[in-house]
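Asks: Got a structure for you, questions after.
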Amino acid sequence: MNSPECGKEELLFDCRLLLDSAHNGIVVIDRKGIIRFYNRAARSIFNDGDRPVIGEHFRDVRPEAWPEFRRVLETGLPQIGKKIELPQVTIIANRAPIRCQGKVIGVISIFQDISEYETLISQLQAYRQIKGELEAIFESSYDGLYITDGRANTLRVNKAYERITGLSGRLLIGRNMRDLVKEKVFDSSVTLEVLKRKEPVTLIQRIQGRKEVMVTGSPIVDEKGEIAFVVTNVRDITELNRLKADLERARRISSRMAEYMREQKGLERALDKIIVKSPKMIQVLKTAVQVAKTDTSVLLYGESGVGKSMMADLIHRLSPRKNKPLVRIHCGAIPDPLIESELFGYERGAFTGAAWSGKAGLVETAHGGTLVLDEVAELSLSAQVKLLEVIENKTFTRLGATVPTRVDVRVIAATHQDLEKRIGQGSFRQDLFYRLNGVPIEIPPLRERPEDIAPIALSSLEKLNRAHGFQKRLSAAALDALCRYSYPGNIRELIHIVERMFTMSEGETIDAEDLPWEIRSGVPASSRVWRKGMSLARAVEQFEEEVIREALRQSGSAEEAAQVLGIHYTTLWRKAKKYALSLQK
């Protein structure tokens, strides 16, 4: 560190006002080894408390670090990224000489506590090692292993099973045991017996009418006492003499594998509602799964309708707080005068009209769990101050109260706005932004992940079929047209379009002609208004529906759309209900 004009050396060490509040530890010594600066972070990391250190020789305060400081003084060479393991913490330190007129007059050291990062890395490595060990054990078992879920659907078989039975796993995985028995692949099923008796079962099974094997099925129950998996141990009948010696080993393997499968099943259940095919969204999901394990604040970015609420739910379901409350508030849906009382509650008599007994706010209701703030950019500045207190100090104060209340919540915020732009406009606090932005996750719009359009559309249609008892399907032309549309309303718009096509289509096949005008591409112009067999009344209804839909899409609100169309709001509401159109933006 060189200074063009040195002046008095003392000025180089007078930096308390600038550096004492820094997050990293900072220590400065002069050429004699005397400590000239020692900030609060350094005291915290080294657990020095109020011990007087300024003016002391560094050798007497930190004898273990003095040799390295002395080396920098003597050589004038910096030391970068030195890892130091202390009894209580692990730190990374940089040391640099302080120069004045070409001479080394001292040393500055900046260091950071990385103990938590070290712990996280160790845990991740341990998890990967256990997963690898379980996979290796499963595949290296000399016994055949056959795993089904609680409905007798085949999940996995190992190589030993293929060797013993001569059956390929590719032909079995995903098949139900009842179907396999009907097709004479097996003459009987130990899995079905286990599900029936709800206890371990052993029997002799004939494979494709020729080979006999001994199979032992063991039920694996979940926390509700219901069978979640059946793990079957398969042995060639000629190896019965080894059964007793190896049975205990097989059970241990089954138990560990069942535990692993249970963990995987839990993750699959959490991801069940999210349909993902695109690489962009797969990376977003990986980030969400990783951050769910911690208590870090999360800021979800993305346009309206991309799935921010669903992502917040996923993070909560995968977090250690999954059995605690998940409380959501739409910050833009509550008027400014009420937002603070809704969030933080109020005491008896706090304001005119307040409940006699007072009321707990949503922050207090979420204690121990997760608080999701949709459209956080809409919060008033006064509410932002109180929210910052919740995140920083784990406390808040009810309206009308004088004593703060402690609370333990994880905050997940979501917005479709540019918060940094709002900061520049003075409508959002920068310090709150930094706190909320612990892990930013940007969810891409649907137009940037076209691979997800078809799966989402088909899944939505399947749900509608199940709910209403239909068997409707999308034609190839309709699905192709859906995949080429840009969806300014994202997933929400896609789902509404599928619901509308499901409602309005007359046959079992939903064709491209059933799509809204803005989506149809390559459909003859004559078929946009009328096609053979369509009555005049139906054509008029279709035209009216498209006009209303376009007005709603281009207007800021339903009231504005009604004004543009020259009709009363109640008329617009009635027609929107008729055509299953949403009036919500």
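Asks: Within the range 377-432, can you find the residues that are touching a residue at least 60 places away in the same chain (Cβ under 8 Å) and among the hydroxyl-bearing types (Ser, Thr, Tyr)?
Replies: Thr415
Asks: Scan the range 547-585 for residues that are in a helix (DSSP H, G or I) and either of a type in the set (Asp, Glu) or in contact with a Gly (Cβ under 9 Å, 6 or more places away or on another chain) (or both) and jot them down.
Replies: Glu550, Arg553, Glu559, Glu560 - these are the residues of the range 547-585 that are in a helix (DSSP H, G or I) and either of a type in the set (Asp, Glu) or in contact with a Gly (Cβ under 9 Å, 6 or more places away or on another chain) (or both).
So that you can scan it fast, the table gives a plain yes or no per residue for (1) modelled with pLDDT of 85 or more; (2) over 22 Å from Arg99 (Cα atoms):
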{"site": "Cys6", "(1), (2)": "no, no"}
{"site": "Leu12", "(1), (2)": "no, no"}
{"site": "Cys15", "(1), (2)": "no, no"}
{"site": "Leu18", "(1), (2)": "no, no"}
{"site": "Val28", "(1), (2)": "yes, no"}
{"site": "Arg36", "(1), (2)": "yes, no"}
{"site": "Asn47", "(1), (2)": "no, yes"}
{"site": "Ala65", "(1), (2)": "yes, no"}
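Asks: Still on this structure, I have one more. Among Thr202, Thr238, Thr191, Thr232, which is at pLDDT 90 or above, among the polar types (S, T, N, Q), within 18 Å of Ala160 (Cα to Cα) and in the same structural domain as Glu133 (by TED's automatic domain parsing)?
Replies: Thr232
Asks: Enumerate the pairs (first residue in the range 86-99 and farther than 13 Å from Val28 by Cβ; second residue anywhere and surrounded by fewer than 16 Cβ atoms within 10 Å (Cβ to Cβ) and among the aromatic types (Phe, Trp, Tyr)) with beta-carbon separation below 9 Å, excluding pairs fewer than 6 apart on the same chain, so at least 6 apart or on different chains.
Replies: Listed by first residue and then by second, the contacts come to Thr90/Tyr117.
Asks: A further question on this structure: For residues that are at pLDDT below 85 and aromatic (Phe, Trp, Tyr), tally how many sit in the range 557-585.
Replies: 2
Asks: Given Arg95, Arg51, Arg43, which one is farther than 30 Å from Arg249 by Cα and assigned to a strand (DSSP E or B)?
Replies: Arg95
Asks: Follow-up question, since we're still on this one. Are there helices (runs of 4 or more DSSP H) fully within the range 150-217 with at least 2 residues that are over 16 Å from Arg235 (Cα atoms)? List them.
Replies: Result: 169-172, 177-182, 190-197.
Asks: Give just the number: which of (1) part of a helix (DSSP H, G or I); (2) surrounded by 18 or more Cβ atoms within 10 Å (Cβ to Cβ); (3) modelled with pLDDT under 85 does Arg520 not satisfy?
Replies: Result: Arg520 passes all but (1).
The values are calculated or read from the model by the stated rules, or taken from the named source; none is laboratory data. What you see is a predicted model; the values in this text were computed from it and never measured. Using ideal geometry, Cβ is built from the backbone for each residue, glycine included, and neighbour counts are taken over all protein chains shown.
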